[in-house]
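Pasting a structure here, questions to come.
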Amino acid sequence: MKNNELRNSTVLVVDDSPENLELMGGLLGDLYRVKVANSGARALKILEGDILPDLILLDVMMPDMSGWDVCKAIKSSKRLADVVVIFLTAKTSAEDEKLGFDLGAVDYISKPINPATLLARVKTHLSLKSMTDVLRDRNLVLKDEIDKGVQEIRAIQETTIHAMASLAETRDNETGNHIRRTQNYVKTLALTLRAHPRFSHYLSDEQIEMLYLSAPLHDIGKVGIPDHILLKPGRLDATEFEVMKTHTTLGYQSILSATERLSGGSSFLTCAMEIALSHQEKWDGSGYPQGLAGDEIPISARLMAVADVYDALISERYYKKAFSHEVAVGIILDGRGTHFDPDVVDAFKRIEAEFLAIATRFAD
């Protein structure tokens, strides 16, 4: 890097000797902006200003506060840690030089000073700092672009999921705010279980957000159920119920088809596929469509099972009146270890008041 490109660089010289400060000013003043401090305390005061020097030439043996202590203070400050420090000292032992580097200095120049050596090393370290600053700025710009890209992808994901969920909602007049309540139930359960040893490996921040986004698709398969069954004003007979049960596989297949179109078989819709296919499975293996039991059931589907059943219990249907919150809680607790994962039910019991608050907030 050429000298004229470094003329805006600022060098702070810290030395208790007026002669040394005058000498450094004479050597460096025609090339860089030079500031001086005749003590460690004065140097730290200067460093409190808004504009930091690019490089510090730091004497070691000063009264009151040594150069070692000044360097420690600089490197312990998050704001100052990247400032380049070069020790300029009469302490020439190998142990002293090692200590200087251990404290965070980038170079160690012994007195008496060789002007050519000093100028060469200052120029080298200022050039390195300039290149480092350029790379850091470019990385910040790149990070900003990546963050914007991630936000755009997330917006597309949310739009895709909600568009699909809205399609299901138009077919099922029982849905109402059901999908909004259930996605909030699922997120609340997940946050409660995130530290549990059986679930912590799965419930990362990213996964919990994906659960929240995917939950509205749990009944997407109902778009494939005939109206005379889906909208029947009463209980379904055995044959009709068998048809209704196919909404799980229909939902899974529709999301799988979308997944393959989006990314060749692996996408953000994986969680939604699990929920759509398996949220009707039961802990004891008596659910559908695959008869999965225990930990065979995906965690996402186990959370949705509790959320879905609770909401169905407190909601009015053609064939039943809405149960109270207390009755619904009792039914969920009775299903511990048979219908539901015991640990999920235990978490539900701890936060049942939050379920009630969600149900009230998104009441039909």
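The values are calculated or read from the model by the stated rules, or taken from the named source; none is laboratory data. Quick caveat, the model's predicted, so the values are computed rather than measured. Neighbour counts are summed over all protein chains in view; Cβ atoms, including those assigned to glycine, are modelled from backbone coordinates with ideal geometry. These area figures cover heavy atoms from the full protein model, side chains too; ligands, DNA and RNA do not enter into them. Shrake-Rupley method; radii C 1.70, N 1.55, O 1.52, S 1.80 Å.
Might you check whether a residue that is assigned to a loop (DSSP other than H, G, I, E, B) and open to solvent by less than 20 Å² (accessible area, probe 1.4 Å) occurs anywhere in the stretch 320-331?
no
Test each condition in (1) assigned to a helix (DSSP H, G or I); (2) at pLDDT below 85; (3) open to solvent by 10 Å² or more (accessible area, probe 1.4 Å); (4) not charged (D, E, K, R) for residue 259 and report the one that comes out false.
Looking at each condition in turn, residue 259 falls short on (3).
Continuing with this model, one more query. Any residue at all in the stretch 216-225 that is at pLDDT 90 or above and either among the aliphatic types (A, V, I, L, M) or more than 28 Å from residue 191 (Cβ to Cβ) (or both)?
no
For residue 112, which of the numbered conditions (1) farther than 19 Å from residue 20 by Cβ; (2) loosely packed, with under 15 Cβ neighbours inside 10 Å fails to hold?
Residue 112 satisfies every listed condition except (1).
Which residues, taken from the stretch 270-299, are more than 26 Å from the chain's Cα centre (by Cα), buried (at least 16 other Cβ atoms within 10 Å of the Cβ), within 19 Å of residue 202 (Cβ to Cβ) and not small (Gly, Ala, Ser)?
277, 279, 281, 283, 292, 297
How many residues are farther than 19 Å from residue 180 by Cα, open to solvent by 30 Å² or more (accessible area, probe 1.4 Å) and in a loop (DSSP other than H, G, I, E, B) if we restrict to the stretch 338-364?
Residues in the stretch 338-364 being farther than 19 Å from residue 180 by Cα, open to solvent by 30 Å² or more (accessible area, probe 1.4 Å) and in a loop (DSSP other than H, G, I, E, B): 2 in total.
Another question about this same structure. I'd like the full set of residues that are at pLDDT 90 or above and not in a helix (DSSP H, G or I), limited to the stretch 113-138.
Within the stretch 113-138, just 114 meets the criteria.
Taking the stated definitions as given, is residue 292 of a type in the set (A, V, I, L, M, F, W, C) and outside any helix (DSSP H, G or I)?
On the way: of a type in the set (A, V, I, L, M, F, W, C): yes; outside any helix (DSSP H, G or I): yes.
Yes: the conditions hold for residue 292.
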